[in-house]
């Protein structure tokens, strides 16, 4: 399908959205990685390392929510699930 957006402001919006998508993707990926690291440490029963990784994950989720990459309730839900998993492992 051909590009139907021809006016300069629409083209500028496309360029801006492409830059934001790259930035948001990096923030989203790093937060998901930190959450995954906590879950793998909990599965391996390394609780002291998991507690440190949990703090990093909570910080990453809060930063992602503050930047608007994920919704604040989404961040809260993920943090709650991580804390619940941590408490069950202890």
Margin query: Using only the Cα atoms of the chain, what are the Rg and Dmax in Å?
Written below: 18.0, 59
Next item on the list: First measure r as the distance between the Cβ atoms of residue 19 and residue 59, then evaluate 1/(1 + (r/R0)^6) with R0 = 30 Å and state the FRET efficiency to the nearest 0.05.
Entry: 0.75
Check: Taking Cα atoms, how many degrees apart are the long axis of helix 72-89 and the longest axis of the chain, rounded to 10 and kept between 0 and 90?
Finding: 20 degrees
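Every number here is computed from the coordinates shown, using simple stated rules; none is lab data. These numbers were taken from a predicted model, which means no experiment stands behind them. Glycine gets a Cβ as well: all are built from the backbone with ideal geometry, and neighbour counts include every protein chain shown.
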